[in-house]
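The block underneath contains the structure these notes are about, expressed in structure tokens.
The values are calculated or read from the model by the stated rules, or taken from the named source; none is laboratory data. As the structure is a computational prediction, the values presented were derived from the model and not from experiment. Cβ atoms come from the backbone with ideal geometry, glycine included; neighbour counts cover every protein chain shown.
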């Protein structure tokens, strides 16, 4: 079960993530060397997200991936967002 977190507490535990204007969510953009590398990372993230039953909002064009995380059931950010954000950072490093 997820634990609702304060946005500033969550952001203090992550590098490069920022608050989304107008809602309780976090976002980050990633760049890759090409589309294939970006899509491979998205595949790994998709498997983790499905295992967690916690799915990102994302947008991809060529080598760029924009990710937004929020826990809709909690109307804010939770420990699920922290866990998935850390996984995404590791995957996209």
* Asked: Taking residue 49, is it outside any loop (DSSP other than H, G, I, E, B), in contact with a helix residue (DSSP H, G or I) (Cβ under 7 Å, 6 or more places away or on another chain), surrounded by 13 or more Cβ atoms within 10 Å (Cβ to Cβ) and free of Cβ contacts under 8 Å to residues at least 40 places away in the same chain?
  -> yes
* Would you pick out the residues in region 74-93 that are touching a residue at least 60 places away in the same chain (Cβ under 8 Å) and not in a strand (DSSP E or B)? -> 74, 77, 79, 80, 81, 82, 85, 86, 88, 89, 92
* Asked: Do we find a residue being under 20 Å from residue 21 (Cβ atoms), over 9 Å from the mean Cα position of the chain (by Cα) and either modelled with pLDDT of 95 or more or surrounded by 16 or more Cβ atoms within 10 Å (Cβ to Cβ) (or both) anywhere in region 83-93?
  -> no
* Structure fact -> Taking region 1-15 and the residues there that are assigned to a loop (DSSP other than H, G, I, E, B) and closer than 18 Å to residue 72 by Cα, the one that is modelled with the lowest pLDDT would be 1
* Asked: Can you name the residue in region 16-40 that is buried (at least 17 other Cβ atoms within 10 Å of the Cβ) and at pLDDT 95 or above and, of all such residues, is farthest from residue 83 (Cα to Cα)?
  -> 32
* Test each condition in (1) at pLDDT 95 or above; (2) surrounded by 11 or more Cβ atoms within 10 Å (Cβ to Cβ); (3) part of a helix (DSSP H, G or I) for residue 58 and report the one that comes out false. => (3)
* Any residue at all in region 8-15 that is more than 14 Å from residue 56 (Cβ to Cβ), within 15 Å of the chain's Cα centre (by Cα), touching a residue at least 60 places away in the same chain (Cβ under 8 Å) and surrounded by fewer than 13 Cβ atoms within 10 Å (Cβ to Cβ)? -> yes
* Counting only residues that are free of Cβ contacts under 8 Å to residues at least 12 places away in the same chain and within 9 Å of the chain's Cα centre (by Cα), how many does region 64-73 have? -> 0
